[in-house]
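What follows is one structure encoded as structure tokens, with my remarks underneath.
The values are calculated or read from the model by the stated rules, or taken from the named source; none is laboratory data. Everything numeric here is computed off the predicted structure, so don't read it as measured data. Positions of Cβ are generated from backbone atoms using ideal geometry, with glycine treated the same way; all protein chains shown enter the neighbour counts.
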Amino acid sequence: MSPTESIDFARNAIYVLLEISTPAMLTALVIGLAIGLLQAMTQIQEMTLVFVPKIIAIFVVLLITMPFIGSAMGGLMTDIAERISAY
């Protein structure tokens, strides 16, 4: 495998990683920001208040995006298998 092919493969793997993780990360960001704003407005400074809604929201988003995650990882694995069989 040439260096350019290796870099291309690594770039594709990073893109798949970003595509897979973006929905969960954005959900965590939005929920954390909303609860932080709520805490600032009500002056409730409970540290554990953020965790339960954030975990539930991330779990729901992961369940919704599971088919997309599976197809993205399957496509990457197909690419890996094709590269292995080519050599």
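With respect to (1) surrounded by 13 or more Cβ atoms within 10 Å (Cβ to Cβ); (2) modelled with pLDDT of 90 or more; (3) more than 19 Å from the chain's Cα centre (by Cα), the lone exception for E19 is condition (3).
Taken together, I14, I80 contain a single residue that is of a type in the set (A, V, I, L, M), part of a helix (DSSP H, G or I) and more than 16 Å from the chain's Cα centre (by Cα), which is I80. Within the range 2-15, being in contact (Cβ under 8 Å) with a residue 12 or more places away in the chain and either touching an Asp or Glu at 6+ places or on another chain (Cβ under 8 Å) or surrounded by fewer than 11 Cβ atoms within 10 Å (Cβ to Cβ) (or both) holds for F9, N12.
Out of A86, A34, A40, one residue alone is of a type in the set (G, A, S) and modelled with pLDDT of 90 or more. It is A34.
The listed residues are G70, G75, and the only one of them that is over 15 Å from the mean Cα position of the chain (by Cα), surrounded by 11 or more Cβ atoms within 10 Å (Cβ to Cβ) and modelled with pLDDT of 90 or more turns out to be G75. Being assigned to a helix (DSSP H, G or I) and loosely packed, with under 14 Cβ neighbours inside 10 Å is a property that L37 has. Of all residue pairs spaced 6 or more apart or on separate chains, none has beta-carbon atoms under 6 Å together with a first member in the range 50-69 that is under 10 Å from A24 (Cβ atoms) and free of Cβ contacts under 8 Å to residues at least 24 places away in the same chain and a second member that is surrounded by fewer than 16 Cβ atoms within 10 Å (Cβ to Cβ) and hydrophobic (A, V, I, L, M, F, W, C).
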